[in-house]
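Trainee: Right, I'll just put the structure down here and ask away after.
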Amino acid sequence: MEYEPVIGLEVHAQLLTRSKIFCGCSTAFGEEPNTLICPVCTGQPGSLPVLNRRAVEFAIRLGLATASRIAPYSLFARKNYFYPDLPKGYQISMYEHPLAVDGSIEINVQGQKKKIKLIRIHMEEDAGKLKHGETPETASFSYVDFNRTGVPLVEIVGGPDIRSPQEAGDYLRKLRALLQYLEICTGNMEEGSFRCDANVSVRPKGQKEFGTRTEVKNMNSFRHVEKALEYEIKRQIGVLEGGEEVVQETRLWDPNQGVTVSMRSKEEAHDYRYFPDPDLVPISIDEAWIEQIRGSLPELPDQKRERFIKEYQIPEYDAEILTSTKAMANYYEECIRLFPEAKTVSNWMMGDLLKELKRDEREIEQCPVTPKHLAEMLVLIKKGTISGKIAKDVFEEMYRTGDRPEKIVKDKGWVQILDEGEIEGVIRRVMEANPKLVEDYRKGKDKLFGFFVGEVMKATKGKANPKLLNELLKDKLKG
Ligand SMILES: [Zn+2]
């Protein structure tokens, strides 16, 4: 039987406000544990939360950018559960009245546009962080760091519209790009500012009803999300084919073993005993504020892609990749400002540059080749100082060392030979060394031309100007 996976993703994104959602403590990452805390975010009796307006504005930005409906009335609720990283014994979240609903995010599936529905976007506070034996001093203890407690989050609940791990990855990349374009989240998965849980089930292809789902947690990179989903889909199919039933539960991805393991049976909403938080008034958002925020939105990925196609006359495929992150789009535009040949720049970025970054698993922000250096190299090709072929080596050197292309070309002696006399000299030597082949060529073996080109290139280490070499060689071989 053929099975089809059904995947829905829940993403938690930390908002880039300077202070926490209900108090004035800093949201800085990586500070000494328990230095960014106060009575409010540690849940001291008698302390009262005050909502951070900027956090609401950021959440509205995301709502508008995903074509969600911003609720005129939303409400914070208490989600009650006990865990040592949650000092109040409840998390302030939204339940019945989320901030935004019915949005969508568009992804590209094999050349077709596909909309993934966003059921809701709601705001909540982050919990603290437990540390178990991460250093020798803490080997036999568990510690808790409350610095993260109260950092504002948005939870983005996607519909069960995703049908493969690849689509899940594309959706997450698009969502993260959107958050970064909006400048409301760093999107850093390793630091936990962008976290994803997945609801996964499988069903026989063609069946309408969903199968029993599991929730997979603890995936802290895009690669892990795709791998964990692949594993979990296979596991569930295996369970069903073995004649058993999938158990509804929460499972943890173990990146070292490459498996998901059962963590606990899945809670239902009623386990959390939600009720409206009596310490916070309802949020009422008027049209004027929404329009003001709408007016301040930056150019978003889809708009930028369309503009790139029109303004720079590049193919949609190029534009899609070049706008996939804001940093990439900025790199591209910076480069064509200095070297205004849009398709040439795109070819180098999509080819050599992305290949190197992918191999090193680096983001473009960490690219050792600056837009300025890439543009300088393209100028060298255009002026004829280096050939397109040598440029590949120059680029590799630039990537390895971060040096300017002029310096590399000079140090390595990679300047293209444009001197006719010098190329003629090499041609003469090659012909003298192969008298029999010269004779064969002259008798009509045209194919040997390539051999002579190759020999001259070998002798000049690829530096002979190809056009000049062709002309001179034809002339000399004629006799
Ligand atoms: Zn605080």
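The values are calculated or read from the model by the stated rules, or taken from the named source; none is laboratory data. Please read these numbers as outputs of a predicted model, since none were measured by experiment. Cβ coordinates were reconstructed from backbone atoms using ideal geometry, including for glycine residues, and neighbour counts include every protein chain displayed. Calculation scope for accessible area: heavy atoms of the full protein, side chains included, ligands and nucleic acids excluded. Shrake-Rupley method; radii C 1.70, N 1.55, O 1.52, S 1.80 Å.
Trainee: What is the percent carbon and sulfur in the accessible area of region 387-453, measuring with a 1.4 Å probe over the protein chains and ignoring ligands? Don't jump to the answer; show the numbers that get you there.
Mentor: Working: 2110 of 4170 Å².
About 51 percent, which is the carbon plus sulfur part of the accessible surface.
Trainee: Pick out, in residue order, every one of the chymotrypsin sites (Phe, Trp or Tyr not before Pro) in region 23-122 that is DSSP loop and has at most 10 other C-beta atoms within 10 Å; say none if there are none.
Mentor: On the way: sites: Phe29, Phe58, Tyr73, Phe76, Tyr81, Phe82, Tyr90, Tyr95; in loops: Phe29, Tyr81, Phe82, Tyr95.
Listed in order of number, the matching sites are Phe82.
Trainee: Report, in whole Å, the centroid distance computed from the Cα atoms of region 70-90 and region 130-180.
Mentor: Between the Cα centres of region 70-90 and region 130-180 lies a distance of 18 Å.
Trainee: Under 18 Å from a point placed 7 Å out from the Cα of Arg54 along the Cα-to-Cβ direction: which residues of region 135-157 have their backbone N that close?
Mentor: Answer for region 135-157: 148-154.
Trainee: Using the Kirkwood formula over every pair of different C-alpha atoms, what hydrodynamic radius in Å results for region 127-283? The partial results should precede the final answer.
Mentor: Working: mean 1/r = 0.0550 Å⁻¹.
Here the Kirkwood hydrodynamic radius works out to 18.2 Å.
Trainee: Something else now. Compute the acute angle (0 to 90°) between the alpha-carbon long axis of helix 466-478 and the principal axis of greatest extent of the alpha-carbon atoms of the chain; round to the nearest 10°.
Mentor: Tilt of helix 466-478: around 30 degrees.
Trainee: Let me ask something additional. Report relative contact order for the chain in percent, whole number only (criteria: Cα-Cα under 8 Å, sequence separation at least 6). Before the final figure, lay out the partial values.
Mentor: Details: 814 pairs, mean separation 64.6, N = 479.
Here the relative contact order equals 13 percent.
Trainee: Something else about it: With r as the distance between the Cβ atoms of Asp411 and Asn434 and R0 = 35 Å, compute the FRET efficiency 1/(1 + (r/R0)^6) and round to 0.05. Walk me through the numbers before you get to the answer.
Mentor: On the way: r = 34 Å, r/R0 = 0.96.
Computed FRET efficiency for Asn434 and Asp411 comes out at 0.55.
Trainee: If you roll a 1.4 angstrom probe over the protein chains with everything in place, what fraction of the accessible area of region 1-55 belongs to carbon and sulfur, to the nearest %?
Mentor: Values: 1520 of 2910 Å².
Accessible surface attributable to carbon and sulfur in region 1-55 totals 52 percent.
Trainee: Taking all protein chains as present, what is the carbon and sulfur share of the accessible area of region 84-135, in % to the nearest whole number, probe 1.4 Å? Can you show the working numbers first?
Mentor: Values: 1110 of 2360 Å².
Of the solvent-accessible surface of region 84-135, carbon and sulfur hold 47 percent.
Trainee: Let me ask another. Average the reciprocal distances over every distinct pair of alpha-carbons in the chain, invert the result, and give the Kirkwood radius in Å.
Mentor: Details: mean 1/r = 0.0375 Å⁻¹.
So the Kirkwood estimate lands at 26.6 Å.
Trainee: Probe of 1.4 angstrom, ligands and nucleic acids ignored: what's the accessible area per residue over the chain, in square angstrom? The partial results should precede the final answer.
Mentor: Numbers: 24620 Å² over 479 residues.
Per residue, the chain has an accessible area of 51 Å².
Trainee: May I pose another question? Are there trypsin sites (Lys or Arg not before Pro) in region 101-165 that DSSP marks as loop and that have at most 16 other Cβ atoms within 10 Å, and which are they? Can you show the working numbers first?
Mentor: On the way: sites: Lys113, Lys114, Lys115, Lys117, Arg120, Lys129, Lys131, Arg148, Arg163; in loops: Arg163.
Passing both the DSSP loop test and the Cβ count: Arg163.
Trainee: Taking only the alpha carbons of region 200-246, what extent do you get along each of the three principal axes, in Å, biggest first?
Mentor: 31, 22, 15
Trainee: Ok, one more. Can you classify region 87-157 as rounded, prolate or oblate using the Cα gyration tensor, where a ≥ b ≥ c are the square roots of its eigenvalues, rounded means a/c under 1.5, and otherwise it's prolate if a/b beats b/c and oblate if not? Each step should come with its number before you reach the end.
Mentor: Working: a/c = 4.93, a/b = 1.83, b/c = 2.69.
Because a/c hits 1.5 or more and a/b fails to exceed b/c, region 87-157 counts as oblate.
Trainee: Here's something else I'd like to know. If I fit a long axis through the Cα atoms of helix 53-65 and take the longest principal axis of the Cα atoms of the chain, what angle between them do I get, 0 to 90°, rounded to 10?
Mentor: The answer is roughly 60 degrees.
Trainee: Percentage of Cα-Cα pair distances in region 1-85 greater than 21 Å, rounded to whole percent?
Mentor: Working: 1776 of 3570 pairs.
Percent of Cα pairs beyond 21 Å in region 1-85: 50.
Trainee: How many nm is it between the label spots at Lys355 and Ala288, if each spot is 7 Å from the Cα in line with the beta carbon?
Mentor: Here the modelled spin labels are 5.8 nm apart.
Trainee: Another question, if that's okay. Could you tell me how many degrees, from 0 to 90 and to the nearest 10, lie between the Cα long axis of helix 326-338 and the main elongation axis, the longest principal axis, of the Cα atoms of the chain?
Mentor: Helix 326-338 and the main axis of the chain meet at about 30 degrees.
Trainee: Relative to the compact globular guide of 2.2 N^0.38 Å, what is the alpha carbon radius of gyration of region 216-309, as a ratio?
Mentor: In units of the globular-protein estimate, region 216-309 measures up at 1.76.
Trainee: Would you mind checking Lys383/Lys467; Lys205/Lys227; Lys445/Lys478; Lys129/Lys234 for any pair whose Cα atoms are more than 20 angstrom apart? Intermediate values should be presented prior to the final figure.
Mentor: Values: Lys383/Lys467 14 Å; Lys205/Lys227 22 Å; Lys445/Lys478 12 Å; Lys129/Lys234 32 Å.
Distance filter (> 20 Å) returns Lys205/Lys227; Lys129/Lys234.
Trainee: Test of understanding: what is the full-extension gain from Ser104 to Arg163, defined as 0.36 nm times their sequence separation minus their Cα-Cα distance? Intermediate values should be presented prior to the final figure.
Mentor: Values: separation 59, 0.36 × 59 = 21.24 nm, distance 1.58 nm.
Net length gain for the segment: 19.7 nm.
Trainee: At a 1.4 Å probe radius, which order do Phe451, Phe194 fall into by accessible area, largest first? It would help to have the intermediate numbers written out before the result.
Mentor: Working: Phe451 70, Phe194 0 Å².
The ordering from most to least exposed comes out as Phe451, Phe194.
Trainee: Suppose the chain between Ile321 and Arg273 were pulled fully straight at 0.36 nm per residue; how much longer would it get relative to their current alpha carbon spacing? Mind dumping the intermediate values first?
Mentor: Working: separation 48, 0.36 × 48 = 17.28 nm, distance 4.49 nm.
Extra length from Ile321 to Arg273 when fully extended: 12.8 nm.
Trainee: Tell me the mean residue ellipticity at 222 nm calculated for the chain from its helices only (DSSP H runs of n ≥ 4, each -39500 (n - 2.57), averaged over every residue, nearest 500).
Mentor: Result for the chain, helices only: -12000 deg cm²/dmol.
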